[in-house]
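The values are calculated or read from the model by the stated rules, or taken from the named source; none is laboratory data. As the structure is a computational prediction, the values presented were derived from the model and not from experiment. When we count neighbours, we look across all protein chains shown, and the Cβ atoms used for this are built from the backbone with ideal geometry, even at glycine. We work out accessible area using only protein heavy atoms, side chains counted, and drop any ligands, DNA or RNA first. Shrake-Rupley method; radii C 1.70, N 1.55, O 1.52, S 1.80 Å.
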Amino acid sequence: MTIVAKFGGSSLANAERIIQACDIIQSSHERSCIVVSAPGAQYPGDIKVTDALGMLVNAMRDRDEQGVKTARAFVQQRFEAIVDDLNIDFDLQTHLRVIREACERNGCSAKDWIISRGEWLNAQIVAKKLGYTFIDAEDFICLNGNQRWNPEYTKAAWRNLDLPRERIVVPGYYGRDNVEQTRTFKRGGSDITGAIMAVLLDAQKYENWTDVDGVLVADPRITQNPLCIPEITYLELRELAYMGARVLNPESLIPELRQKGITVHVRNTFNPDTPGTKIVPEATEDRIPGSVVGIAGRKGFSSIDIYSYLMQEQVGFVGTATAKLAVHDISIDHVPTGIDMLSLVIASDQLDGKADQIQRALQQSNDPDSMVITNDLALICVVGSAMANNPGVLMRAAKAFADADVNIELVSQARGEKSMVFGIKEDDYERAVTSIYAEFFE
Ligand code: ASP
C-alpha cells in the first residue's frame, strides 16, 4: 500500500515535533511520500513562519527596513533552532543566503516565492532527517492564474520527471504557473498538495496529520467535547465544511481523490493512537439506519420572502426571481417555497448596501403582492446519508428544536437526503445546536 502523509504546520513547529512526526513516518514503510507545511505555531499566540514571511514581504513593499530586519531575524532564528536541535548536517546558512539575495534582487515582486520558502526549507530539513529525497513542488505542480490546481499540466510534468517516486518529501502550498513563476495556493494549501501527491502516486490512502483528533461531530466552541466522526463520505464532509466545519482545506478534496477511491485519513500527530476520521468515497461501515454523522451551521443569513397570490400557477416565477439575483451577482443558498410564497435564502453580506436596489429589481421583474427581507438568520445543517429512506430523522430534529424552545423559520432538504437544513433566528443558534447534539449524539 502507498500512503501519502501530509504534516501540518503545528505538527512540524519545532525540532521536537519534527522528531515525533518522523517517528510516525518511520513506523510504516508504506508512508512513502511526505508532504510538509512550514513550521506553524508552537503555542497559542506564536507566529507561524508563513505569517512571518508575509510580514517580510509587506515590510519590503513599504520600505520598512526595521520590519524587514525583524521578520528576517524571526524566520532565521526559527530555522536555526530547528536545525540545531535536530542535530542534522544541513547547510541552513547557504539556503538563507539564497533567500536573502533573491529578496534583494527581486524585491517583493517575487511575493509567492518568498512566502513559500517556509515549506521549501522545512521539506529539505525533514528529508535530511529521514534520509528521503527532497523533490521541489515547483518542478511539477502547476497552478492556474486563480491559485487553482491545473491537473493536466501537473500530470504531464510529473510523468516527465525522472526522480524517485518513493521515500520522497515534497513541500506543500506552492507550485508554478504557466510562465514558470512560483505560485502558492490559498492559505492552508498544503492540504491540496497532499491530495495532488496521492492522486499522482495512485496512493491508497492520504493521511492528513494535524493537531486535532479528527473531524468533530459539532462545533467545539458550542458543544463541550463533541465526539469525533469515525467515518464520513466525501459528499457528507462537503456539506459540513460548507456550513463551517473546518479541519481540512475544503479545496483539498479534489474530485480525482474520490474518482480513484482514495481514503483521506485525518489523524492527530500528538495523539497517534486515536482512530481519527476516515473520509471515504462511499460509506463502508454498516451505519445505523437514520443515523446522523455531524451537525454544522452558521449565522449571517437573510431570507428574501416574496409573496404572490397564485404564485404556483405562474410559469417562470422562481426562475425570474433567481435570474434577477444572478444579475446582481448574488448567490442563493436555499429556495424553500410555499403555494403563494418564495423564500430566497442568501448570505447576508451579499446584501450590504444593495438591499433596496434588489428589492426594487424583484418588484419590477416579479410584480409580487408583497416582499420582506428577514435578516439575522442562522442555518443549521444536519448531515448523514444514512437518513435516506429512513423515516423519523426530521421528526427527531424538529423535536430537538421544540425542546430548546426554538422556532424553525424554514426547512430545506433536497431529495438525495444527505442533509437537512433548518433556518432559525440567530439568537437561538447556540441553544439549538446544543439540543440537536443531545438528541443525536448523547
Ligand atoms: N503554510 C501555509 C499556511 O500557513 C500553508 C499550509 O500550511 O497549508 O497557510
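Within segment 180-189, take every residue that is basic (Lys, Arg) and surrounded by fewer than 20 Cβ atoms within 10 Å (Cβ to Cβ) and give me the one that is farthest from the ligand (Cβ to nearest atom).
In this case the residue turns out to be 186.
Residues to consider are 100, 159; find the one that is over 19 Å from residue 194 (Cα atoms), more than 16 Å from the ligand (Cβ to nearest atom) and out of contact with any Lys or Arg (no Cβ under 6 Å at 6 or more places or on another chain).
Numbers: 159 fails: over 19 Å from residue 194 (Cα atoms).
Just a single option satisfies the conditions, and that option is 100.
Tell me yes or no: at least one residue of segment 201-212 is closer than 19 Å to residue 437 by Cβ and acidic (Asp, Glu).
no
Out of 47, 25, 19, I need the residue that is modelled with pLDDT of 95 or more, hydrophobic (A, V, I, L, M, F, W, C) and within 28 Å of residue 103 (Cα to Cα). Which one?
None of the other options fit; the residue is 47.
Scanning segment 32-43 for residues that are of a type outside the set (A, V, I, L, M, F, W, C) and near the ligand (Cβ under 10 Å from one of its atoms), which turns out surrounded by the fewest Cβ atoms within 10 Å (Cβ to Cβ)?
Restricting attention to segment 32-43, the residues satisfying the condition of being of a type outside the set (A, V, I, L, M, F, W, C) are 32, 37, 39-40, 42-43.
Next, from what is left, pick out any that are near the ligand (Cβ under 10 Å from one of its atoms): 37, 39-40.
Numbers: 37: 30, 39: 31, 40: 23.
Ranking the qualifying residues of segment 32-43, first place goes to 40.
Within segment 409-442, work out how many residues are farther than 17 Å from residue 239 by Cα, outside any helix (DSSP H, G or I) and open to solvent by less than 50 Å² (accessible area, probe 1.4 Å).
2
Can you tell me which residue within segment 44-69, out of those that are more than 16 Å from the ligand (Cβ to nearest atom) and without any contact (Cβ under 8 Å) to a residue 12 or more places away in the chain, is most open to solvent (accessible area, probe 1.4 Å)?
Pass one, segment 44-69, residues more than 16 Å from the ligand (Cβ to nearest atom): 59-69.
In the following step, the residues that additionally are without any contact (Cβ under 8 Å) to a residue 12 or more places away in the chain were identified as 62-66, 69.
Working: 62: 92, 63: 205, 64: 66, 65: 145, 66: 118, 69: 126 Å².
Applying the filter and picking the extreme gives 63.
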